[in-house]
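Below is one structure, written out as structure tokens; comments come after it.
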Amino acid sequence: MSRGRPLLVAVAGLGFAGVCLADPLAARREYVMGTIAEVRVHAVDPGVDPEQATEAAMAEIHAVDRLMAVQRPDSDVSRVNRGAATRAVSVDHRVVEVLRASRHLSALTDGAFDVTVLPTVRAWGFLDGHPRRPADAPRPAGYRHVRVDAVRDEVAFDRADVGVDLGGIAKGYALDRARTAMLERGVRSAYLDLGGNVATLGLAPDGRPWRLGVRHPRRPDMLIGVLEVGEASVSTSGDAERFVEDEYGRAGHVIDPRTGRPADALVSATVVAASAMLADGLSTAAVVMGRDAFADLLPRVGGRAVLVALEPGGRAVSWVSPGLRFDVTDLAPAAAEPPFNH
């Protein structure tokens, strides 16, 4: 085990990169929720089967996908989008849980986070894998038009043009459930990665904080810095993977619900929070809100962040929350092995 610097953990997806130098007790890697999910177990209580724990975690992620993917016509969210404008639609309690959390986050961010962006996202082609700049795109109806009955587990819309897309928060919720499943089965050290969303359990294999390399939003082979976190959730949002680039410029898939157009206040936001669902939603909101407004919000929600903007000429400029361990790497190669013994 290393006695030098802590391990730099390999995390796939939008925001993170690196190498993990500790072999896990068990690991699973699967395609789900439109991205790669990876679960690694590094320490368990005596008598615990790490393989069963990874299976349970992955099962939770697949369950959320079946319920909330708008690309699946049989999902609860798809049924809601087809029928909730004319009648209340019964859904699984997990869908209600996420919709209620979404409404709360929308209120906290003054509408910068809003799950009713589906018609806009669809018009821009971000759902079918063929991004395009539309001649005209509808503005989101707004979260206040989604009615959630937590007693009956029902959802209704009070306007015909409402459509919900939980893509900005569901991955975080899936990670929260997966991490809880592992904790309940006696896992003491693990990390879970779901396409730009990370949840850690306990400490890294060497007993120190986890180290996550944050990618440059325009140069995915390079890092802008390394985060150090304990047991936490980390989410990155930005325009690095899904975007339109044409003679009018670059437009990412994160929609500003207040304008109905792609957000451009930040190119990337990495948020650290106790809950993966909160980190997921906040990172989306940050790209919409911009540095100053989001920095004012963070103390009220218990999050920390690395926010990245681009100066003219393409230089990345980052702002880091007070108290967050973030070591600037001066654009170190993302695939390089970190300088310590193992």
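Overview of results
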read-out	value
Extension gain, L324 back to H104 (0.36 nm per residue minus Cα-Cα distance, nm)	76.7 nm
The chain, relative contact order in percent, only Cα pairs under 8 angstrom and at least six apart counted	21
Amide H contacts under 5 Å for R325, placed H, 5+ residues apart	E228
Among 273-284, 65-76, 148-159, the order from most to least packed when residues are scored by Cβ within 10 Å on average	273-284, 65-76, 148-159
Rounded to 10°, Cα long-axis angle of helix 50-68 versus longest principal axis of the chain	20
Magnitude of the charge dipole, segment 68-168, Cβ model with Lys/Arg +1 and Asp/Glu -1, debye to 20	180
10 Å beta-carbon shell around L25, net charge (K/R +1, D/E -1)	-2
Ranked by how many other beta carbons lie within 10 Å on average, peptides 221-232, 123-134 from highest	221-232, 123-134
Label point distance in nm, R258-R300, each placed 7 Å from Cα along Cα→Cβ	1.3
Amide H contacts under 5 Å for H253, placed H, 5+ residues apart	R242
Label zone at T180, where the point sits 7 Å out along the Cα-to-Cβ direction: segment 79-121 residues whose backbone N lies under 12 Å	93-95, 97-98
Amide H contacts of A43 (H built 1.01 Å from N, under 5 Å, at least 5 apart or other chain)	R188, S189
Crossing angle, helix 170-184 versus the chain [Cα axis fit, 0-90 degrees, rounded to tens]	50
Antiparallel DSSP beta bridges within the chain, as percent of all bridges there, nearest 5	95
Read-out Kirkwood radius over Cα pairs in Å, derived from the coordinates shown; its label in (1) 20.8; (2) 20.3; (3) 24.0	(2)
Spacing of the two label points (7 Å from each Cα toward its C-beta) at R82 and R66, in nm	1.7
Cβ-based net charge around A56, under 9 Å, with every Lys or Arg adding one and every Asp or Glu removing one	-2
Test item: Cα-centred dipole of the chain, Lys/Arg +1 and Asp/Glu -1 on Cβ, debye	380
Structure-based [θ]222 nm, the chain - -39500 (n - 2.57) summed over DSSP H runs of at least 4, per residue, nearest 500	-8000 deg cm²/dmol
On Cα atoms only, tilt of 276-289 relative to the major axis of the chain in degrees	70
Distance in nm between pseudo-label sites at A274 and R159 (7 Å out along the Cβ direction from Cα)	3.5
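Here, each number is a calculation from the coordinates, and none is a lab measurement. This is a predicted model, so every value here is computed, not measured. All Cβ positions, even for glycine, are placed from backbone atoms using ideal geometry, and neighbour counts span all protein chains on display.
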